[in-house]
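Inspection log for the structure reproduced underneath, given as structure tokens.
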Amino acid sequence: MRFTKDHEWVALDGDVATVGITAYAAEQLGDVVYVETPEPGRALKAGEGMAVVESVKAASDVYAPLSGEVVEANGDLSGAPETVNADPEAGGWFARVRIADRAEYDALMDRAAYDAFLETL
């Protein structure tokens, strides 16, 4: 699993990356009440907004950590957005993306680097 400074996580399986927000991000948001996931087939560029998550505190964009094409969105989140809080780094995933460039994944932080980054916040 890899991480961004915007608190997204990425788990790679072959050339398909599963993307979600970290436990830290879910905790900062508070109770999630709405999630908008990207449409399958959508082309993403790393760094652009790909999804929206709304909580009782705020609405936030979720940024694409990698370039590629959305192959699946987590439709379960529309009926159960609280899954993002309950299981942010597994069942609360937002989208699966067929990545365009493996180097983008390799450039992301590993768990130790992300944990060190959190210490600076």
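FYI, it's all coordinate maths here, none of it is from the lab. Here the structure is a predicted model, which means the values were calculated and not measured. Backbone-built Cβ (ideal geometry, glycine too); neighbour counts: all protein chains shown.
Numerical summary
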| read-out | value |
| --- | --- |
| Residues with amide H under 5 Å from that of Ala17, placed H, sequence gap 5 or more | Val97, Arg98, Ile99 |
| Selected from Ala100, Pro38, Gly79, residue furthest toward positive end of dipole (the range 2-101; charges at beta carbon) | Ala100 |
| Sorted by Cβ density within 10 Å, fewest first, the residues Met1, Met50 | Met1, Met50 |
| Computed lengthening from Asp115 to Ala11, 0.36 nm per intervening residue step minus Cα-Cα distance | 35.8 nm |
| Only Lys, Arg (+1) and Asp, Glu (-1) charged, at Cβ; the chain dipole about Cα centre in debye | 180 debye |
| Relative contact order of the range 1-97, defined on C-alpha pairs under 8 angstrom at six or more residues apart (%) | 32 percent |
| Inter-label distance, nm, simple model (7 Å from Cα along the C-beta direction), Glu39/Arg102 | 3.2 nm |
| Amide H partners (placed H, <5 Å) of Gly47, local residues excluded | Ala64, Leu66 |
| Packing-based order for 6-16, 85-95, using average beta carbon neighbours within 10 Å, highest first | 85-95, 6-16 |
| Cα-derived Rg over Rh, computed across the chain with Rh taken as Kirkwood radius | 0.94 |
